[in-house]
DNA sequence: TTGTATGCGTTATCAG
DNA sequence: CTGATAACGCATACAA
């Protein structure tokens with residue numbers, strides 16, 4: 001048997017050639033004839049070390065291809081390193097830009113961003129919750145209106161978590177929102193200003209608060225105009241293109257058909273364009289359409305869609321910023337931020 | 001002054017109430033009157049500990065809201081924990097489903113997925129490279145055809161990295177690809193079978209290999225049919241809707257205008273539909289169009305687009321699987337996987 | 001300016 | 001079955 005190094009903790013033998021991805025500061029230190037402390041300093045606090053030593057150490061690190069292990073560092077330095085953005089549906093075009101906004105702010109603060117798509121599955125939510133509870137991510141941006149399975153309201157109360165786009169007032173969490181009710185009203189107002197009185201609504205999935213809020217805006221507008229609520233004019237949607245198409249067909253087959261439809265989101269609205277076409281009707285001559293979100297599709301649909309634009313990038317940025325504040329100053333700094341939308345006029349509405 | 005605990009490493013004072021997110025196994029151990037080793041075992045290897053002890057420990061952990069710190073664990077247990085997917089453009093609809101595929105496989109292997117959007121910025125690539133080199137992520141799925149800044153070809157050679165969708169043969173890396181040349185030829189063949197002879201091409205950005213491959217397929221098809229290459233029939237694109245629209249206008253303003261256009265991707269093809277419309281031309285009666293990718297937009301454009309479908313979900317899944325194999329068995333297991341596309345027939349092509 | 005020693009929170013080893 | 005102890009890789013307080 002070979003001798004073992006005398007000092008406990010000493011390496012068995014200075015491995016001939018350890019793969020670059022397994023080098024540690026000790027390896028660099030040995031080669032440079034300095035202590036690991038000096039290596040650490042040379043790499044992260046260059047000013048605290050003699051110029052010659054610094055260059056020596058850095059040269060050797062470079063030569064060896066050494067990169068400090070961030071896990072080791074993170075265990076030692078308790079600084080936030082990453083945010084997790086949770087969405088239900090990764091291929092919902094609404095989210096990408098929002099994520100971009102968050103990413104930019106995170107990056108500026110030296111945080112990385114993880115994105116998780118849950119598909120609404122509890123089991124997946126659970127998995128991501130573990131990352132958070134296990135402190136592998138330092139903050140949570142949630143793009144659906146509930147806490148992911150595995151995080152109790154009590155835990156959430158004292159944690160850096162922010163709800164974006166979709167609120168849940170029951171949870172008292174920080175949030176970045178738009179006034180869905182108000183802007184739905186505004187969309188309706190736009191239609192009414194152009195003479196529409198018989199206006200239908202294609203809802204989102206009513207299980208989601210955001211859908212109910214836009215529906216509420218629809219109702220409010222009706223009420224303020226002294227118009228009755230006609231259940232026949234409300235078609236249940238689910239934010240999908242296909243459902244929007246079908247819903248439009250239903251609505252436009254009504255004996256006294258609506259002159260305009262307020263769609264809970266753009267995707268459904270684009271579906272509605274085709275639904276109208278299915279019946280030989282065209283937009284906006286036969287029926288006017290207004291959407292919500294201003295996704296890219298809204299610009300390139302035929303006709304281009306008049307819609308309510310949500311400031312997605314800003315929403316993402318604000319969320320990240322809020323989160324970072326909470327991480328730095330503790331969750332006491334809870335906040336509710338409301339951003340403005342904008343009505344984008346294109347060609348899917350005509351005056352009557 | 002108060003006494004300090006006798007043992008070095010002993011905590012100064014059993015903090016009255018430490019926030020739940022700062023509890024350690026030591027806290028649980030103390031409360032349960034066992035060692036940290038037992039706590040660890042009770043939590044992660046329940047079978048290796050006496051039933052009564054186990055329940056006691058787990059009960060207390062639960063009661064305290066203790067969650068093991070994954071960073072500590074990861075430092076100790078060198079097991080892979082996450083993959084990083086790098087894309088240039090997060091809001092490119094092509095990627096979402098691919099990411100989903102990768103995520104599913106990763107999840108099944110107890111890995112989490114990070115997604116990074118670089119916007120093509122070296123500085124951002126650098127940032128993500130550091131995550132990888134710092135071993136905070138264990139594998140890299142790259143959705144653009146080059147190594148991110150900060151990773152040298154030599155490093156890459158021995159690392160779990162896989163290129164997806166877009167190849168770079170110069171780098172000898174594992175990859176998951178489709179035969180872009182072949183399927184571009186197939187698209188052209190489809191047009192030719194329907195009598196088209198004068199066929200234009202809207203390219204992708206030629207800086208990208210994938211664009212050049214599809215262009216090559218275009219040329220090959222021409223050559224095999226004995227047709228000449230007419231530079232006038234090639235319009236430079238950049239995969240964008242707007243550029244596709246403009247390019248189509250150029251092409252269709254030609255004195256002897258093409259009867260069909262092969263577009264390097266769907267987004268440009270949808271743009272081309274509008275470009276044709278701008279000139280009072282309609283698809284497919286005046287000009288036939290075929291795309292590439294089969295993004296969602298292709299289904300809902302008017303007319304719906306005939307196109308080449310890439311198996312995006314499978315590509316993502318295959319990439320993740322490849323990566324996992326490399327992580328487990330070392331990068332010796334390099335592999336090049338080629339997946340099949342499918343021609344999706346819709347209504348943007350007519351026979352002449 | 002540099003080195004020594006310690007601990008971040010967990011788990012593996014080994015002895016009891 | 002359980003406990004003591006030593007790492008994992010790094011950064012810092014403190015001593016030199």
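The values are calculated or read from the model by the stated rules, or taken from the named source; none is laboratory data. As the structure is a computational prediction, the values presented were derived from the model and not from experiment. Cβ sites come from the backbone with ideal geometry, for glycine too, and all protein chains shown count toward neighbours.
Of all the residues that make up the stretch A:152-163, how many are within 12 Å of chain B (Cβ to nearest Cβ), out of contact with any strand residue (DSSP E or B) (no Cβ under 8 Å at 6 or more places or on another chain) and in contact (Cβ under 8 Å) with a residue 12 or more places away in the chain?
So the answer is 4.
Which numbered condition in (1) out of contact with any strand residue (DSSP E or B) (no Cβ under 6 Å at 6 or more places or on another chain); (2) farther than 30 Å from residue A:77 by Cβ is the only one that residue B:125 fails?
All conditions are met except number (2).
Residues A:275, A:280, A:271, A:330: which one is without any contact (Cβ under 8 Å) to a residue 12 or more places away in the chain and within 13 Å of chain B (Cβ to nearest Cβ)? Break it down stepwise before answering.
Working: A:275 fails: without any contact (Cβ under 8 Å) to a residue 12 or more places away in the chain; A:280 fails: within 13 Å of chain B (Cβ to nearest Cβ); A:271 fails: without any contact (Cβ under 8 Å) to a residue 12 or more places away in the chain.
Just one listed residue meets the conditions, A:330.
Being modelled with pLDDT of 95 or more, assigned to a helix (DSSP H, G or I) and near DNA strand C (Cβ under 7 Å from one of its atoms) is the filter here, so list the residues in the stretch B:18-32 that pass it.
Across the stretch B:18-32, the qualifying residues are B:25, B:26.
Look at residue B:96 and say whether it is over 21 Å from residue B:148 (Cα atoms), more than 14 Å from DNA strand D (Cβ to nearest atom) and assigned by TED's automatic domain parsing to the domain that holds residue B:135.
Against the criterion (over 21 Å from residue B:148 (Cα atoms), more than 14 Å from DNA strand D (Cβ to nearest atom) and assigned by TED's automatic domain parsing to the domain that holds residue B:135), residue B:96 does not qualify.
Being touching a residue at least 24 places away in the same chain (Cβ under 8 Å), assigned to a strand (DSSP E or B) and away from every other protein chain (no Cβ under 14 Å) is the requirement here; does residue B:176 meet it?
yes
Which residues, counting only those in the stretch A:127-144, are surrounded by fewer than 23 Cβ atoms within 10 Å (Cβ to Cβ) and away from chain B (no Cβ under 11 Å)?
Listed by number, the list holds a single entry, A:144.
Hey, among B:305, B:289, B:339, which residue is crowded, with 22+ Cβ neighbours inside 10 Å, more than 14 Å from chain A (Cβ to nearest Cβ) and touching a strand residue (DSSP E or B) at 6+ places or on another chain (Cβ under 8 Å)?
Residue meeting the stated conditions: B:289.
Can you tell which of A:186, A:214, A:197 is within 25 Å of residue A:170 (Cβ to Cβ) and in contact (Cβ under 8 Å) with a residue 60 or more places away in the chain?
Exactly one residue qualifies, and that residue is A:214.
Go through the stretch A:233-256 and count every residue that is in a loop (DSSP other than H, G, I, E, B) and surrounded by 22 or more Cβ atoms within 10 Å (Cβ to Cβ).
Within the stretch A:233-256, residues that are in a loop (DSSP other than H, G, I, E, B) and surrounded by 22 or more Cβ atoms within 10 Å (Cβ to Cβ) number 2.
Could you please tell me which pairs satisfy a Cβ distance under 6 Å, a separation of 6+ or placement on different chains, a first residue in the stretch A:21-47 that is touching a residue at least 40 places away in the same chain (Cβ under 8 Å), and a second residue that is in a helix (DSSP H, G or I) and within 7 Å of DNA strand C (Cβ to nearest atom)?
Here the result reads A:25/A:36, each pair linking the stretch A:21-47 to a residue that is in a helix (DSSP H, G or I) and within 7 Å of DNA strand C (Cβ to nearest atom).
Quick check on the stretch B:86-103. Is at least one of its residues in contact (Cβ under 8 Å) with a residue 24 or more places away in the chain and over 30 Å from residue B:208 (Cα atoms)?
no
Identify the single condition in (1) modelled with pLDDT of 95 or more; (2) more than 11 Å from chain A (Cβ to nearest Cβ); (3) closer than 30 Å to residue B:99 by Cβ that residue B:58 does not satisfy, given that it satisfies every other one.
Only one criterion is unmet by residue B:58, namely (3).
Among B:46, B:19, which is within 16 Å of DNA strand D (Cβ to nearest atom) and more than 30 Å from residue B:148 (Cβ to Cβ)?
Result of the check over B:46, B:19: B:46.
Identify the single condition in (1) outside any loop (DSSP other than H, G, I, E, B); (2) within 16 Å of DNA strand D (Cβ to nearest atom); (3) under 22 Å from residue B:136 (Cα atoms) that residue A:79 does not satisfy, given that it satisfies every other one.
(1)
Here's a check for you: in the stretch B:33-55, which residue that is crowded, with 16+ Cβ neighbours inside 10 Å and within 8 Å of DNA strand C (Cβ to nearest atom) is farthest from the other protein chains (Cβ to nearest Cβ)?
B:41
Could you please find all residues in the stretch A:93-111 being surrounded by fewer than 22 Cβ atoms within 10 Å (Cβ to Cβ), facing another protein chain (nearest Cβ under 7 Å) and closer than 16 Å to residue B:119 by Cβ?
Those that are surrounded by fewer than 22 Cβ atoms within 10 Å (Cβ to Cβ), facing another protein chain (nearest Cβ under 7 Å) and closer than 16 Å to residue B:119 by Cβ: A:97, A:100, A:107.
Among the residues of the stretch A:217-227, write down those that are over 26 Å from residue A:169 (Cβ atoms) and either out of contact with any helix residue (DSSP H, G or I) (no Cβ under 7 Å at 6 or more places or on another chain) or modelled with pLDDT under 95 (or both). Give the derivation first.
In the first step, residues of the stretch A:217-227 are kept if they are over 26 Å from residue A:169 (Cβ atoms); the result is A:225-227.
Within the stretch A:217-227, A:226, A:227 meet the criteria.
Name every residue in the stretch B:60-82 that is surrounded by fewer than 13 Cβ atoms within 10 Å (Cβ to Cβ) and either more than 7 Å from DNA strand C (Cβ to nearest atom) or touching a residue at least 12 places away in the same chain (Cβ under 8 Å) (or both), in order of residue number.
The answer is B:62, B:63, B:78, B:79.
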